[in-house]
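Structure first, commentary second.
Just so it is clear, none of the values below were taken in a lab; they were calculated from the coordinates. Note that this is a predicted model, so its numbers are computed, not measured. Heads up, the Cβs are rebuilt from the backbone with ideal geometry, glycines too, and the neighbour counts pull from every protein chain shown.
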Amino acid sequence: MKWTSYEKEIAADDFFYVRSCIRQTFFPGAENVLLNILRERLKLTVVEDARHTSCTGIGYHTDIVPLETIMTVVARQMALMTESGFKNLLVSCVTSFGIYNEVLHLWDDHPELETKVREHLWRATRREFVKPANVAHASDVIYKYRREIAQMAQYKLVNAQTGEPLKGVDHIGCHYAKIFPVKGIGGAEFPRVLSDVVTEFGASSVDYPERRHCCGFGFRQYILKETRGYSVSNSKIKFESMAPYQPDFIVANCPGCAMFLDRWQYTLSEMEGKTYDAAGRGIPVLSHEELAGLVLGYDPWEIGLQMHQVQPESLLEKMGVVFDPGGKFRTRGGRQLPRPQEPDILLV
Amino acid sequence: MHTKKIAVIGAGPAGLGAASVLSRNGLRVSVFHREAAAGGHLNDWAWLFPRFVPARDVAVSMAAETRQVDFHPGCHIAGVSRHANGQFKIVMPDGQTEVADALVYAGGFRVFDASRKEELGYGIYPRVVTSADLEKMLAGEVPFPVELLQQQALRIGVVHCVGSRDEKSGNRHCSRMCCVTGVKQSIELRKRFPNSRVTAFYMDMRMFGNGYEELYLEAQRDWQVLFVRGRVSEVAESDEGRLRVKAEDTLLGRPIRDEFDLLVLMVGMEADLPKWLIEDLGVKQIDAGFARGNDELVASNRTPTRGLYLAGSCKGPLSVAEAWNDGQAAAQQLLLDLNR
Amino acid sequence: MQVRDLSMAGAWGDSVDVLKAIEPSLVNCITCGGCAAACAASANVSVAKAILLLRRGLLADARAALEGCLFCGKCRFVCPMGVNTRGVIAALTFSPDSSGNILHQ
């Protein structure tokens, strides 16, 4: 395999953005800050269409949505992109990213499927589409512009007191680079899309043994309650493997991974009575743009970090981020929300 | 006699109601209307519930109630500002301005754009029409799909709550009028196509006005309209060009599939307030986006801005009669304040 | 769950027309369920459901919804729309066959 196959072309500008169901639900601030960074800081053109829908990837991977249906849904998103006059698809979600690549690949190998889907789409919606010139994941764009972001940064990922680089562990979503390794920076073996960003922002990236292991999200594992233990076990393998390096944060580019690496730390703390950091506060889990937003000096509550299970204060303190502790549960209108209950083991 | 000058924006039922009271009380009244003819949405409707009165006649008799007014048709107001002396400066589309001592805003509502509910196939399949389209067909202004007239046993579906009580389209509110409109149109369709069968899909039927409940019963008793409680989830086209509908019969707890030759979507009413009303005149909005008076009970026509009054369905969905009365009420409120 | 094709062939026509001729008040039912709530015979008996099923053209299901009825008439007292529920039950018991003839079951 040539080294060039570990590189990929990432469009520079003019994106049609498609959102992530999980992020919209669990940490909508991440998508907001991504759009804000791209539009306001990097001055890129990113358009959206309110009519775009879920890619139905979760349904597809759990055998609820048939292949023909998901291909037609994907075709409709592309039709919306075509109608808006754009050619570069920017995908927020790793599951969707895998789906778009899979469908496009299927059509390359089986043009008759594409013809059929075009017929379905026309019949159901009277829409037509041009296939995207470039499909980029949100983390690809942050990777592409990591140097520009680092130049504008207000904070670095270093310990503000000692000047030591913070230790970051990354986790790449399986559907980002394991389905089509050529579609991911560094492929499946040499994942660089996040570690290069982390080091650019001043931290050191830890290559822990189980770095390429699944986070435990795995649709089949968590959807069925009976097998949800598999999901927790996978996460545990990850945490056990990274804990000896005493990481200051985890960065993940997949909505599901970020979600489960975050929530399962609480689950494991309740099951086993332990956390994977020395202070008992857990290891904060951030997405690529949450991390970029932090170094750019966005208000952590504006990014929505309080919506995470593992609270971000330990990281904010290390970075020396100036923030308003009282603003954590205040709404935009200034109303104070009730404080959530705090767990006994995973400290807040 | 007053020499005060009052501007009324909008000449639908509410605007005409306000203009009739103000003009009969000797005030100088200017009426600005974005369409060419007064009447508002009445001009888009064939017959009115619950007694099938021609809508045009109602518009004409409402306009006849007004006395001398300065009517500006085809005049979509570009902006309104309020001077320190309390007067309103109204900017017309051609840039000309007019000054008024008080303003009644009766700008009405907007009909929901059914193509936003793509799953219902409006704008995709020609046999999916809205309640507004159907009125034009019933009035003979727009032809029914030709092949429809040739069918012997027509199957017609009526879909309620399109763009109303629907968080996905950003409209949590109930548009109120569509329930009885659906009942009225079902009866009209049965009269027009005696061999047809009409099935109406509803969430709740809200028959709040005089004669509405009776009309609802009449539709079932005399016109055999079948009411199925359940929301239509999807519309597709069959090979024969009929409309294949999926829904849930929630009273029976069973999913259903059915085919229709014509599907009528009961489109809701949306807020349609101009920017200047909110930004320059300080009118507040309710969650659904409609204008909010000082309160909902005794001062709904008043606003925090002195001299500015709200009338009609700019405050939320109203029937023709309610809008007319509300316009008159706003004018009465204005007169009381002037004489104070 | 079985997806039912809602066919208008039987609904509000044919059998219902015959039943309406016997008991015209059945069209007034608004499916409030008061009859079922008041029923002394069984938790499963519901005139409202029977009428609803009838409206959908499901005659056999409509009959099943009345199985266990003691004909006490309590439902008629509570009906807000004045449906002669006993009349409906009687009409269904003497129900029409496919040709529209009234036959004893």
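Result for chain A in a Gaussian network model with C-alpha springs under 10 Å: among A:Pro338, A:Pro255, A:Pro325, the largest mean-square fluctuation is at A:Pro338. Within the straight-line cut-off of under 17 Å between alpha carbons, the lysines reachable from B:Lys191 are B:Lys136, sequence neighbours fewer than 8 places apart in one chain being disregarded. Radius of gyration (Cα atoms) of the stretch C:14-93, expressed as a multiple of 2.2 N^0.38 Å: 0.94. Relative to the 2.2 N^0.38 Å rule of thumb, the stretch B:114-268 has a C-alpha radius of gyration ratio of 0.97. Candidate membrane-span-like segments in chain A, meaning DSSP H helices with Cα atoms spread over at least 20 Å of their own axis and a Kyte-Doolittle mean of 0.5 or above, are A:67-83, with no membrane implied. Give the shape of the protein assembly as shown as rounded, prolate or oblate, defined through the alpha-carbon gyration tensor: a ≥ b ≥ c are the square roots of its eigenvalues, a/c under 1.5 means rounded, and otherwise the shape is prolate if a/b is larger than b/c and oblate if not. In terms of gyration-tensor shape, oblate.
For the protein assembly as shown, the 222 nm mean residue ellipticity estimated from helices alone, with every DSSP H stretch of n ≥ 4 adding -39500 (n - 2.57) and the total spread over all residues, rounds to -10000 deg cm²/dmol.
The protection proxy used here, the mean number of other Cβ atoms lying within 10 Å of each residue, ranks peptides B:204-213, A:142-151 as follows, highest first: A:142-151, B:204-213. Counted by neighbouring Cβ atoms within 10 Å, the residues B:His76, B:His33, A:His213 run from fewest to most as B:His76, A:His213, B:His33.
Among the residues of B:249-258, the average count of other protein chain beta-carbon atoms within 10 Å of the residue beta-carbon is 5. If R0 is 45 Å, the Cβ-Cβ spacing of A:Ala278 and A:Val182 corresponds to a FRET efficiency of close to 0.65. In this structure the amide hydrogen of A:Leu286, modeled in the peptide plane, comes within under 5 Å of the amide hydrogens of A:Ile250, A:Val251, A:Ala252, none closer than 5 places in sequence on its chain.
Rounded to the nearest whole angstrom, the semi-axes of the ellipsoid equivalent to chain B, taken from the Cα gyration tensor as √(5λ), stand at 40, 20, 18, largest first. Sites listed here are GluC sites (Glu not before Pro) in the stretch A:1-79 whose DSSP assignment is loop and whose Cβ has at most 12 other Cβ atoms within 10 Å: A:Glu9. Each Lys or Arg adds one and each Asp or Glu subtracts one; over the other residues with Cβ under 15 Å from the Cβ of A:His288, this totals -3. Nearest-5 percent of antiparallel DSSP beta bridges in the protein assembly as shown? DSSP beta bridges in the protein assembly as shown are roughly 35 percent antiparallel.
Residue by residue along B:122-130, Cβ atoms of other protein chains within 10 Å of the local Cβ number 1 on average.
The packing ranking, built from the mean of other Cβ atoms within 10 Å per residue, places the peptides B:120-132, A:166-178 in the order A:166-178, B:120-132, highest first. Take each residue in B:220-229, count the other chain C-beta atoms within 10 Å of its C-beta, and the mean is 4. Placing dummy labels 7 Å off each Cα toward the beta-carbon, the span from B:Lys284 to A:Gln341 is 3.6 nm.
Taking other Cβ atoms within 10 Å as a rough exposure proxy, C:Cys39, A:Cys215 sort from fewest to most as C:Cys39, A:Cys215. With the highest mean first, a sort of the peptides A:297-309, B:164-176 on other beta-carbon atoms found within 10 angstrom per residue produces A:297-309, B:164-176. Around B:Thr199, what is the net charge, scoring Lys/Arg as +1 and Asp/Glu as -1 over all other residues with Cβ under 9 Å from its Cβ? With Lys, Arg at +1 and Asp, Glu at -1, the neighbours total +1.
Here is the result for the stretch B:2-34: no trypsin sites (Lys or Arg not before Pro) lie in DSSP coil with at most 13 other C-beta atoms within 10 angstrom of their C-beta.
Cβ under 10 Å from B:Ala55's Cβ, B:Ala55 left aside: what net charge do those residues give with Lys, Arg +1 and Asp, Glu -1? Taking every other residue near B:Ala55 into account, the sum is -2.
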